[in-house]
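The values are calculated or read from the model by the stated rules, or taken from the named source; none is laboratory data. In this text the structure is predicted, and so the values were computed from the model without any measurement. Using ideal geometry, Cβ is built from the backbone for each residue, glycine included, and neighbour counts are taken over all protein chains shown. Keep in mind that these areas ignore ligands, DNA and RNA; they rest on the heavy atoms of the full protein, side chains included. Shrake-Rupley method; radii C 1.70, N 1.55, O 1.52, S 1.80 Å.
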Amino acid sequence: MRRTVVTALAAATLVLAAGCSSAGSQPGPGGTPGSTASPAAAPSAQLPPAKGSVKVARTVTDGLKSPWGIAPLPDGGLLVGSRDDGTVVRVDTATGKKSAVGSVPGVDHQGEGGLLGLALSPTYASDHLVYAYFTTESDNRIARMIYDQQRPAGEQLGAPDTILRGIPKGNNHNGGRIAFGPDKMLYAGTGETGDRALAQDKKSLGGKILRMTPDGQPGYGNPEPDSVVYSYGHRNVQGLAWDAQNRLWASEFGQDTWDELNLIEPGKNYGWPVVEGQGGKPGYVDPVAQWKPSEASPSGIAYADGSVWMAALKGERLWRVPLDATKPLAAPEAFLTGQYGRLRTVLTAGSGKLWLLTNNTDSRGTPKPGDDRILELDVT
């Protein structure tokens, strides 16, 4: 858990990085290293407007308990996991109806641990596999399960097949976000569990972004061929998203000083615990944008229409970072500040739309009637 932030810090304080490391190359679609240009060299697409807008179109559903992971289904439904209960429900996005899917066995909820990220297989249409990142009594791990909608409600998840185990666990800083990239590799953001040394230890899975095949093996083109470690020097990675040029972005909890939005490159060192925020030190990659923890405590992120959208927990707001390739086009904007409490996850819902998941029933928020809920947003 981060230490108390000095209350005199103004909510408007925000610093943008002048740039970031341009060395290295991002694996392109299909996982072939070097198949895209260096991030700094990629041409800009049509730029987003400097100023955006957010309108809450409707409440998709409410009454969710400690929601964390969320995954869109091809038929328009959403799978939503409960961190504390280890259960998964399906939400019909047209009607808001919730139906029980099942439970992930072995989930051990303590502190920030429990059932965390969810993701669908890149070949879900044929294999119906759902991936989950969760905390057990001994570690954090990633498993996959067959989702069979023909089975009775509450019994639709098959037995878990663990593809990666041994990710360090702790009362705090468990990471937990998972997502399949354009290269069809599975990426996972992990935390250093409060043991700072783990972030700089390349042999540890803590404080890293991991990249692996759907079977949990090191992805082709990883910095070390026998390791799933993709980048290191992270404190607690909470959000993963790719832009239109297949560049990977990640949000990360800082401690007392700076939360971060980073552009991720393979093999790079993102500084923790040597550097927090923009340090300008050789050998470490500075964030593209940074915030005081009172304004952010970032969780999930999504890329839509030229901007990175970032859900904030303690900051209780949705941030928009318009991009000109790898740099902010303008100062980030905050929306919905204080209106819906803690915001856990954001994901794209079609052109000009986002889904936003609140997180007030996680023991740190102040639940209101109807919490927690999924909101549909119209955005520019």
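Summary of values
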| quantity | calculated |
| --- | --- |
| Total residues in region 341-362, condition modelled with pLDDT of 95 or more and open to solvent by 60 Å² or more (accessible area, probe 1.4 Å) | 2 |
| Verdict on GLY341 being at positive phi and part of a loop (DSSP other than H, G, I, E, B) | yes |
| Out of GLY69, GLY81, GLY106, sole residue that is outside any loop (DSSP other than H, G, I, E, B), without any contact (Cβ under 8 Å) to a residue 60 or more places away in the chain and either of a type in the set (Asp, Glu) or touching a strand residue (DSSP E or B) at 6+ places or on another chain (Cβ under 8 Å) (or both) | GLY81 |
| Qualifying positions in region 121-165 - within 20 Å of the chain's Cα centre (by Cα), under 25 Å from LEU198 (Cβ atoms) and in a strand (DSSP E or B) | TYR131, ALA132, TYR133, PHE134, THR135, ASN140, ARG141, ILE142, ALA143, ILE163, LEU164, ARG165 |
| Set GLN278, GLN290, GLN339: member being within 18 Å of the chain's Cα centre (by Cα) and farther than 18 Å from ILE178 by Cα | GLN290 |
| Residues that are in a strand (DSSP E or B) and basic (Lys, Arg), drawn from region 84-102 | ARG90, LYS98 |
| Cross-chain or 6+ apart pairs with Cβ under 9 Å, region 359-380 first and closer than 15 Å to GLY338 by Cβ, then β-branched (Val, Ile, Thr) and open to solvent by 50 Å² or more (accessible area, probe 1.4 Å) | ASN360/THR366; LEU375/THR59 |
| Checking THR326 against (1) farther than 24 Å from THR93 by Cβ; (2) β-branched (Val, Ile, Thr); (3) open to solvent by less than 10 Å² (accessible area, probe 1.4 Å), the condition it does not meet | (3) |
| Any hit, region 304-320, residues being open to solvent by less than 30 Å² (accessible area, probe 1.4 Å), closer than 26 Å to GLY170 by Cα, among the polar types (S, T, N, Q) and not in a loop (DSSP other than H, G, I, E, B) | no |
